[in-house]
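Scroll down for the structure; my scribbles are underneath it.
The values are calculated or read from the model by the stated rules, or taken from the named source; none is laboratory data. Because the structure is predicted, anything quoted here is derived from the model rather than measured. Every residue, glycine as well, gets a Cβ built from its backbone with ideal geometry; the counts of neighbours run over all protein chains shown.
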Amino acid sequence: MKQEKCVLCFEKIEGFGNNAMPLAEGRCCDLCNITKVIPGRIKALEDYEKTRNEARSEYEKAIKDHKERMFKINEELDDFIASFKDAIIADFIYKYHDEWIKFVKEQYEDYRDEQI
Ligand SMILES: [Zn+2]
């Protein structure tokens, strides 16, 4: 049986050897497994966690920004509706101004007549 060489340190592998992923394809010796491959796997896991947490906080920030934007749009919409309401009232006053003055005069005259 041909003796395999470690893909990391190129020394002869004693025994079965180990999967060298994610550092390299192929097999490595026990020493490289303990000193390089296992720490490499831990680091890969930590990198994954870090990336996931970054993605999560970016997502949360996007949600927060979206909420703030929606809140602002809502406020602007309220302002717009308020100004629209004022315009309707102004239009109403303009159209019915004469009738309104007539009504007030009548009310006043009735009041005056009652006082006499
Ligand atoms: Zn090795």
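When K50 is tested against (1) modelled with pLDDT of 90 or more; (2) loosely packed, with under 10 Cβ neighbours inside 10 Å; (3) over 30 Å from Q3 (Cα atoms), exactly one condition is not met: (2). Scanning the stretch 1-16 for residues that are modelled with pLDDT of 95 or more and not in a strand (DSSP E or B) yields C6, V7, L8, C9, F10, E11, I13.
Is there any pair linking a residue in the stretch 45-72 that is within 21 Å of L23 (Cα to Cα) to one that is modelled with pLDDT of 95 or more, with Cβ under 6 Å and at least six apart or on different chains, and which? Sorted first by the residue in the stretch 45-72, then by its partner, the list stays empty. You will find that of L31, L45, the residue that is within 11 Å of the ligand (Cβ to nearest atom), part of a helix (DSSP H, G or I) and at negative phi is L31 and no other. Can you say whether E60 is surrounded by fewer than 10 Cβ atoms within 10 Å (Cβ to Cβ) and in a helix (DSSP H, G or I), as far as the supplied structure shows? It is false that E60 is surrounded by fewer than 10 Cβ atoms within 10 Å (Cβ to Cβ) and in a helix (DSSP H, G or I). For the structure I just gave you, tell me whether Y96 is surrounded by 10 or more Cβ atoms within 10 Å (Cβ to Cβ) and more than 16 Å from the ligand (Cβ to nearest atom). The answer is yes for Y96. When E114, E109, E76 are checked against the criterion of being within 43 Å of the chain's Cα centre (by Cα), at pLDDT below 95 and more than 30 Å from Q3 (Cβ to Cβ), E76 stands alone in meeting it.
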